[in-house]
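For reference, the structure discussed in these notes is given below.
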Amino acid sequence: MATAQFLALSSSSSASAAARPRARRAASSRVCAAGSALASGEPARRLAAEFDPAIPLASAVTPPSGWYTDPEFLRLELDRVFLRGWQAVGHIGQVKNPNDFFTGSLGNVQFVICRDANGKLQAFHNVCRHHASLLACGSGQKTCFQCPYHGWTYGLDGTLLKATRISGIKNFNKNDFGLLPIKVATWGPFVLARFDDSSQDTVDDVVGGDEWLGSASDLLSRSGIDTSLPHICRREYIIECNWKVFCDNYLDGGYHVPYAHGALASGLQLQSYETLTYERVSVQRCESALAEQEDIDRLGTKATYAFVYPNFMINRYGPWMDTNLAVPLDATRCKVVFDYFLDESLLDDQDFIDRSLKDSEQVQIEDIALCEGVQRGLESPAYGVGRYAPSVEMAMHHFHCLLHANLSG
């Protein structure tokens, strides 16, 4: 990055160098504190307490419908679930080269992930320190972030490089007005962010599998979660349902597959379905039916579906890996981002790629119809709580217990 082209900013502040880091940390703390204050409603906490994780699965009832419809409950989730701990936000192909960047949001947090000119992975709140304009949008390559509002310019390391038309300003030090950092790291092919910790002490920008995945880390590492798989495409869906409805659908142990996904069901041996639960991860596995050669090529001999709490799903089958990220938009809408990765040996087989993506698209269309129907039912006065099918819905119950633990803590 050529920083010499930018006007140097003179410091007119009498604050000491030792005081400047405290100013940045204080600002970052205010971000978290504001989220906490917003989500401190007592009704939402009472709603969380209506689910009892101590009741055995065979006797348990599901969370009440308010978990899926109440806007204040979502604010509690954003504070207690999404803005604490590592969250999956993208894949390394999006920031493969210096100057690559992509943006995203989670609740009221706007963020940008980038790789600076030296190849270091960086993440910041995507907010200009002047008058709060968003700095960047979408994805691509930039040598700097220039605010579209008043032209304040930042390096990809977060440093304020240029503040326009500030002659006469007093008590201003550019080192106090860099972008607020977000902790960022990778695991395998995935980019992770941590919004409750702005320290930059992750070694080599890699998070330990045990820290993110617990004791499931080794299993997933052996299940073909491969950084070398090229990214094929991304598809995004806006679904008229609470984000947990989509997750519940994923976690029902294949319960809905024979009723909703006829084509998919014909390629799987559903009687072989098994579910494993770990600290923050559940894994569902199923053998393929191997009815036709094209199914063998597409599905392989066994499919593995891993759910990483709270909202990230990794699916590995045959030569394919795809991921699903369920991002809440409001209490009754979510965005689900699908990323597809494929074994390099099949990159030239466009017919196979098109056929596989068409099959996947059909499953998504069927799931969207299911999820939106469930959301309408949850909003009906006829529904309060439901029951679990103990032989198949273990992962769903596990998910709800993890949510309860976070929301009650």
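The values are calculated or read from the model by the stated rules, or taken from the named source; none is laboratory data. In this text the structure is predicted, and so the values were computed from the model without any measurement. Glycine also receives a Cβ, built like all others from the backbone with ideal geometry; neighbour counts cover every protein chain displayed.
Key figures for this structure:
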{"quantity": "Odd one out for residue 375 among (1) over 21 Å from residue 310 (Cα atoms); (2) surrounded by 13 or more Cβ atoms within 10 Å (Cβ to Cβ)", "calculated": "(1)"}
{"quantity": "Residue 176 vs. criteria assigned by TED's automatic domain parsing to the domain that holds residue 147 and farther than 22 Å from residue 103 by Cβ", "calculated": "yes"}
{"quantity": "Selection status of residue 337, β-branched (Val, Ile, Thr) and modelled with pLDDT of 90 or more", "calculated": "yes"}
{"quantity": "Residue 157, sole failed condition from (1) modelled with pLDDT of 95 or more; (2) in contact with a Pro (Cβ under 8 Å, 6 or more places away or on another chain)", "calculated": "(2)"}
{"quantity": "Check on residue 377, closer than 25 Å to residue 65 by Cα, modelled with pLDDT of 95 or more and not in a helix (DSSP H, G or I)", "calculated": "no"}
{"quantity": "Qualifying positions in region 344-359 - in a helix (DSSP H, G or I) and in contact (Cβ under 8 Å) with a residue 24 or more places away in the chain", "calculated": "344, 345, 346, 352, 353, 355, 356, 357, 359"}
{"quantity": "Number of positions in region 297-318 that are under 18 Å from residue 192 (Cα atoms) and modelled with pLDDT under 80", "calculated": "0"}
{"quantity": "Qualifying residue in region 204-224 (condition: without any contact (Cβ under 8 Å) to a residue 24 or more places away in the chain and within 17 Å of residue 122 (Cα to Cα))", "calculated": "yes"}
{"quantity": "Criterion: at pLDDT 95 or above, part of a loop (DSSP other than H, G, I, E, B) and farther than 25 Å from residue 175 by Cα - qualifying residue of 57, 76", "calculated": "57"}
{"quantity": "Verdict on residue 341 being part of a helix (DSSP H, G or I) and either among the aromatic types (Phe, Trp, Tyr) or closer than 24 Å to residue 82 by Cα (or both)", "calculated": "no"}
{"quantity": "Looking only at region 84-114, and only at residues there that are in contact with a Ser or Thr (Cβ under 9 Å, 6 or more places away or on another chain) and over 17 Å from residue 136 (Cβ atoms), the one that is surrounded by the most Cβ atoms within 10 Å (Cβ to Cβ)", "calculated": "91"}
{"quantity": "Among (1) under 23 Å from the mean Cα position of the chain (by Cα); (2) small (Gly, Ala, Ser); (3) surrounded by fewer than 19 Cβ atoms within 10 Å (Cβ to Cβ); (4) in a loop (DSSP other than H, G, I, E, B) - the single one residue 117 does not satisfy", "calculated": "(1)"}
{"quantity": "Which numbered condition residue 165 fails, given (1) more than 24 Å from residue 91 (Cβ to Cβ); (2) of a type outside the set (Ser, Thr, Tyr); (3) modelled with pLDDT of 95 or more", "calculated": "(3)"}
{"quantity": "Hits in region 218-276 - residues which are hydroxyl-bearing (Ser, Thr, Tyr) and outside any strand (DSSP E or B)", "calculated": "221, 223, 227, 228, 250, 255, 259, 266"}
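Conditions tested, residue by residue: (1) within 30 Å of residue 332 (Cα to Cα); (2) outside the structural domain of residue 245 (by TED's automatic domain parsing); (3) modelled with pLDDT under 50.
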{"residue": "2", "(1), (2), (3)": "no, yes, yes"}
{"residue": "7", "(1), (2), (3)": "no, yes, yes"}
{"residue": "13", "(1), (2), (3)": "no, yes, yes"}
{"residue": "31", "(1), (2), (3)": "yes, yes, yes"}
{"residue": "34", "(1), (2), (3)": "yes, yes, yes"}
{"residue": "43", "(1), (2), (3)": "yes, yes, no"}
